[in-house]
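Engineer: The structure under discussion is supplied below as structure tokens; questions concerning it will follow.
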Amino acid sequence: MEPFTQHTGWVATLNRANVDTDQIIPKQFMKLITRTGFGKHAFNDWRYLPNGDMDKNFELNQEHAQGASVLITRNNFGCGSSREHAVWAIKQYGFRTLVAPRVVQGDSTIPGFADIFRNNCLKNGVLTIELDTETVDKLFAAMSNQPRAEATIDLPAQTFTLHTKTPIQVAFDIDPATKDQLIQGLDEIALTLQSDTDITTFEKQHNVQWTAKT
Amino acid sequence: MAKTLFEKIWDRHVVKTRKDGVTLLYIDRHLVHEVTSPQAFDGLRETGRPVRRPELTYATMDHNIPTDETRLAIQDPIAKAQVDALRNNCKEFGVKLYDLDSNQQGIVHIIGPELGLTLPGTTIVCGDSHTSTHGAFGALAFGIGTSEVEHVLATQCLPQKKAKTFKVSFDGQLKPGVSAKDMILKLIGEIGAAGGTGYVLEYCGEAIRSLSMEARMTICNMSIEAGARAGIIAPDEVTLEYITSSDRPYAPKGAALEEAKALWKTLQTDEGATFDREIHIDVSNLTPQITWGTSPGMVTDVAGNVPALDAVPGYSASDVQKSLDYMGLKPGTPMTDVTIDVVFIGSCTNARIEDLRQAAAIFRGKKVASSVTALVVPGSQQVKAQAEAEGLDSIFIEAGCQWRQSGCSMCLGMNNDQLKPQQRCASTSNRNFEGRQGKGGRTHLVSPQMAAAAAIEGKFVDITTWSEVS
């Protein structure tokens with residue numbers, strides 16, 4: 001996996017909540033048996049008009065969003081289908097970092113990212129950053145005032161900096177294991193296979209008698 | 001210490017907890033389908049890794065396959081390449097495949113239980129988010145991405161962080177015409193499409209205990225629509241009856257069954273165990289539910305109206321506006337005024353035999369409205385055979401429905417079963433996302449009975465007050 005340490009790139013915004021993986025990569029593009037070729041189809045149904053032209057109204061098609069590698073969006077991004085094709089599409093489109101708010105409403109919390117999607121991002125070296133709603137609102141407001149702006153993500157330092165005229169720097173939380181995995185770009189399967197003896201020992205005592213065909 | 005059911009299953013499958021706090025969780029069952037697996041098998045080939053436990057890995061094709069007469073001779077070359085890749089991968093790596101010509105083929109989450117692969121206390125994964133279905137048996141079952149599919153193929157383990165626990169009590173008894181589908185839609189409406197994210201939901205309460213296994217599967221299936229990777233129901237006599245009553249080739253028998261039963265009895269949340277979150281939902285006055293928007297949390301009573309823009313908890317007015325623009329609906333419109341073009345009865349949510357019986361009971365002796373196209377797609381070849389043995393196929397066909405072959409079909413429209421732009425569908429599936437059933441298509445999620453009644457009337461009706469209900 002491609003390691004992630006520091007990254008600087010243009011920022012795009014997608015001001016919608018609950019963007020599901022069917023939107024990120026519609027099913028008609030999921031028949032490929034490779035891991036490549038998905039970037040041009042990312043957000044297909046929003047990005048292209050029925051005649052195949054770019055829909056100029058779609059946020060990612062606007063001039064200031066071209067070449068973006070950092071996406072700021074809303075809560076529950078990547079919900080729905082477990083398709084990793086969605087992350088391949090996002091990464092091949094050019095995004096390395098996604099930012100979304102954790103929305104607290106009374107005693108419940110709406111996370112920035114859906115579980116399976118966030119896991120899939122991690123496996124592909126795409127960093128998901130969850131910030132509080134007020135901070136994300138502030139980032140959206142700053143981007144609205146200055147639509148063409150860069151951001152720098154420093155993963156070891158856990159900081160996100162939006163380089164608007166008045167820069168905004170925020171710290172973000174990340175689980176230490178996730179952070180380590182991203183920075184090192186570890187081959188997770190190789191890591192698990194280092195525990196091969198433990199797995200074999202476990203298999204000897206784990207009763208799978210009724211899990212094998214009789 | 002008192003444990004929840006989830007914690008008991010988790011503890012039985014911990015291989016080790018690494019220094020970084022990540023647990024290696026052992027996987028008892030790995031289900032594989034054609035769409036999310038080819039890149040995983042490629043990964044194995046690139047690294048020269050074998051499948052660690054091919055005998056615990058089971059494959060079928062369901063997502064992209066035709067459900068019409070072209071089933072065995074797929075016309076779409078890209079879909080065919082994906083199906084062929086699965087065949088070749090299963091052969092190369094020694095994985096059991098339920099191919100298109102098998103009488104046990106079907107939607108992966110429908111054949112797992114049918115084959116006796118889905119058993120209490122097991123861990124089950126699949127590269128499909130509706131793997132949560134299998135939780136109905138008291139299994140810990142969740143969807144994974146393709147990298148994780150490769151991980152399980154190579155190691156039979158997954159690095160996992162333990163989820164939080166969320167107890168969902170459904171109290172009271174359902175009224176006639178109200179079903180498991182309405183219960184789970186109601187829950188998603190209450191807690192939102194991300195209300196379960198990070199949790200394993202344990203469904204309990206009087207209403208759950210009264211449900212059949214098939215209805216319990218409908219509930220667990222849609223856990224992911226509330227954001228929860230897994231939903232779980234403690235096994236009981238209903239579970240045992242399901243596992244032992246039919247010929248389920250992989251289910252334990254004889255002494256192995258007795259041993260299994262001893263374990264299964266312990267698979268209950270202990271008295272005094274604590275959950276991170278709890279909710280009670282009284283179902284005694286629950287009415288049929290219907291989604292009106294493009295997120296499963298956008299749901300209301302069928303007797304209700306399309307809500308006002310600012311009256312939807314958990315969704316901003318602008319998100320509701322976008323949704324209604326897409327759906328072609330206006331706030332205040334009674335749901336029973338909404339006319340439909342297509343009815344889809346199928347999917348891993350609602351294509352088991354009981355679902356088809358419920359739909360057939362509505363269709364019996366009636367006709368699909370002339371303005372409506374209705375598809376009935378059985379979840380598996382076994383469901384299809386059973387339905388035909390009971391004569392349900394004749395009821396559907398005489399009513400004017402299309403009776404199809406088993407597969408995922410119009411739930412996600414990876415084959416030709418798709419909505420056209422602006423077509424409106426009453427669907428028994430699980431997702432009302434934009435374009436899910438076809439680009440520009442408009443999906444309303446409902447129960448099988450509600451879908452059948454809508455097919456007859458050409459618009460949504462409340463089946464609990466419908467004059468035509470027998």
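Engineer: For the stretch B:11-53, what are the residues that are touching a Cys at 6+ places or on another chain (Cβ under 7 Å) and either modelled with pLDDT under 95 or more than 22 Å from B:ASP128 (Cα to Cα) (or both)?
Structural biologist: Passing the criteria: only B:VAL15.
Engineer: Which strands (runs of 3 or more DSSP E) sit wholly inside the stretch B:1-113 and have at least 2 residues that are free of Cβ contacts under 8 Å to residues at least 24 places away in the same chain, open to solvent by 50 Å² or more (accessible area, probe 1.4 Å) and more than 21 Å from B:ARG404 (Cα to Cα)?
Structural biologist: So the answer is B:14-17.
Engineer: What is the residue count in the stretch B:208-227 for residues that are outside any helix (DSSP H, G or I) and either among the aliphatic types (A, V, I, L, M) or over 17 Å from B:SER447 (Cβ atoms) (or both)?
Structural biologist: First, pick out the residues of the stretch B:208-227 that are outside any helix (DSSP H, G or I): B:210-212, B:227.
Filter again for either among the aliphatic types (A, V, I, L, M) or over 17 Å from B:SER447 (Cβ atoms) (or both), leaving B:211, B:227.
Residues meeting the conditions: 2.
Engineer: State yes or no: is B:ALA256 of a type outside the set (D, E, K, R), in contact with a helix residue (DSSP H, G or I) (Cβ under 6 Å, 6 or more places away or on another chain), farther than 30 Å from B:PHE396 by Cα and modelled with pLDDT under 95?
Structural biologist: Judged against the criteria, B:ALA256 is a match.
Engineer: Related question: In the list B:THR244, B:THR266, which residue meets the criterion of being in contact with a Leu (Cβ under 8 Å, 6 or more places away or on another chain), under 18 Å from B:THR122 (Cα atoms), of a type in the set (S, T, N, Q) and open to solvent by 10 Å² or more (accessible area, probe 1.4 Å)?
Structural biologist: The conditions single out B:THR244.
Engineer: Further question: Run down B:THR287, B:THR294, B:THR300 and say which single residue is closer than 25 Å to A:ASP45 by Cα, open to solvent by 10 Å² or more (accessible area, probe 1.4 Å) and within 27 Å of the chain's Cα centre (by Cα).
Structural biologist: Every option except B:THR294 fails the conditions.
Engineer: Which residues, counting only those in the stretch B:342-365, are under 11 Å from B:PHE396 (Cβ atoms) and part of a loop (DSSP other than H, G, I, E, B)?
Structural biologist: Residue satisfying the conditions is B:ARG364 alone.
Engineer: Next up: Say whether the condition of being within 12 Å of chain A (Cβ to nearest Cβ), within 26 Å of B:ASN89 (Cα to Cα) and not hydrophobic (A, V, I, L, M, F, W, C) is met by at least one residue in the stretch B:6-19.
Structural biologist: No: the stretch B:6-19 contains no residue that is within 12 Å of chain A (Cβ to nearest Cβ), within 26 Å of B:ASN89 (Cα to Cα) and not hydrophobic (A, V, I, L, M, F, W, C).
Quick grid of which residues meet (1) touching a residue at least 60 places away in the same chain (Cβ under 8 Å); (2) aromatic (Phe, Trp, Tyr); (3) within 12 Å of another protein chain (Cβ to nearest Cβ); (4) open to solvent by 30 Å² or more (accessible area, probe 1.4 Å):
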residue: A:THR161; (1), (2), (3), (4): no, no, no, no
residue: A:GLN169; (1), (2), (3), (4): no, no, no, yes
residue: A:PRO176; (1), (2), (3), (4): no, no, yes, yes
residue: A:ILE189; (1), (2), (3), (4): no, no, yes, no
residue: A:THR192; (1), (2), (3), (4): no, no, yes, no
residue: A:SER195; (1), (2), (3), (4): no, no, yes, no
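Engineer: Something else about it: Residues in the stretch B:435-443: is at least one within 14 Å of chain A (Cβ to nearest Cβ), free of Cβ contacts under 8 Å to residues at least 12 places away in the same chain and either of a type outside the set (D, E, K, R) or under 21 Å from B:MET335 (Cβ atoms) (or both)?
Structural biologist: Checked the stretch B:435-443: at least one residue is within 14 Å of chain A (Cβ to nearest Cβ), free of Cβ contacts under 8 Å to residues at least 12 places away in the same chain and either of a type outside the set (D, E, K, R) or under 21 Å from B:MET335 (Cβ atoms) (or both).
Engineer: Name the strands (runs of 3 or more DSSP E) wholly within the stretch B:228-340 that hold at least 1 residues that are among the hydrophobic types (A, V, I, L, M, F, W, C), out of contact with any His (no Cβ under 6 Å at 6 or more places or on another chain) and within 14 Å of another protein chain (Cβ to nearest Cβ)?
Structural biologist: Where strands (runs of 3 or more DSSP E) fall fully within the stretch B:228-340 and carry at least 1 residues being among the hydrophobic types (A, V, I, L, M, F, W, C), out of contact with any His (no Cβ under 6 Å at 6 or more places or on another chain) and within 14 Å of another protein chain (Cβ to nearest Cβ), they are B:230-232, B:277-282, B:299-301.
Engineer: Somewhere in the stretch B:200-212, is a residue within 14 Å of the chain's Cα centre (by Cα), farther than 30 Å from A:ASN119 by Cα and more than 13 Å from chain A (Cβ to nearest Cβ)?
Structural biologist: No, there is no match, as no residue in the stretch B:200-212 is within 14 Å of the chain's Cα centre (by Cα), farther than 30 Å from A:ASN119 by Cα and more than 13 Å from chain A (Cβ to nearest Cβ).
Engineer: For the condition at the interface with another protein chain (Cβ under 10 Å from one of its Cβ atoms), touching a helix residue (DSSP H, G or I) at 6+ places or on another chain (Cβ under 7 Å) and of a type in the set (S, T, N, Q), what is the one hit in B:THR155, B:THR118, B:THR133?
Structural biologist: Values: B:THR118 fails: at the interface with another protein chain (Cβ under 10 Å from one of its Cβ atoms); B:THR133 fails: at the interface with another protein chain (Cβ under 10 Å from one of its Cβ atoms).
Among B:THR155, B:THR118, B:THR133, only B:THR155 is at the interface with another protein chain (Cβ under 10 Å from one of its Cβ atoms), touching a helix residue (DSSP H, G or I) at 6+ places or on another chain (Cβ under 7 Å) and of a type in the set (S, T, N, Q).
Engineer: Separate question: Of B:THR349, B:THR339, which residue is under 24 Å from B:ASP301 (Cβ atoms), buried (at least 22 other Cβ atoms within 10 Å of the Cβ) and of a type in the set (Ser, Thr, Tyr)?
Structural biologist: Being under 24 Å from B:ASP301 (Cβ atoms), buried (at least 22 other Cβ atoms within 10 Å of the Cβ) and of a type in the set (Ser, Thr, Tyr) holds for just one of B:THR349, B:THR339, which is B:THR349.
Engineer: Do the conditions hold for B:GLY189, that is, is it within 14 Å of chain A (Cβ to nearest Cβ) and crowded, with 24+ Cβ neighbours inside 10 Å? Explain how you work it out, then say what you get.
Structural biologist: Numbers: within 14 Å of chain A (Cβ to nearest Cβ): yes; crowded, with 24+ Cβ neighbours inside 10 Å: no.
Spelling it out, it is not the case that B:GLY189 is within 14 Å of chain A (Cβ to nearest Cβ) and crowded, with 24+ Cβ neighbours inside 10 Å.
The values are calculated or read from the model by the stated rules, or taken from the named source; none is laboratory data. A quick note: this is a predicted structure, and the numbers were derived from the prediction, not measured. Cβ sites come from the backbone with ideal geometry, for glycine too, and all protein chains shown count toward neighbours. Ligands, DNA and RNA are stripped out before the accessible areas are found, and what is left, the full protein with its side chains, is counted by its heavy atoms. Shrake-Rupley method; radii C 1.70, N 1.55, O 1.52, S 1.80 Å.
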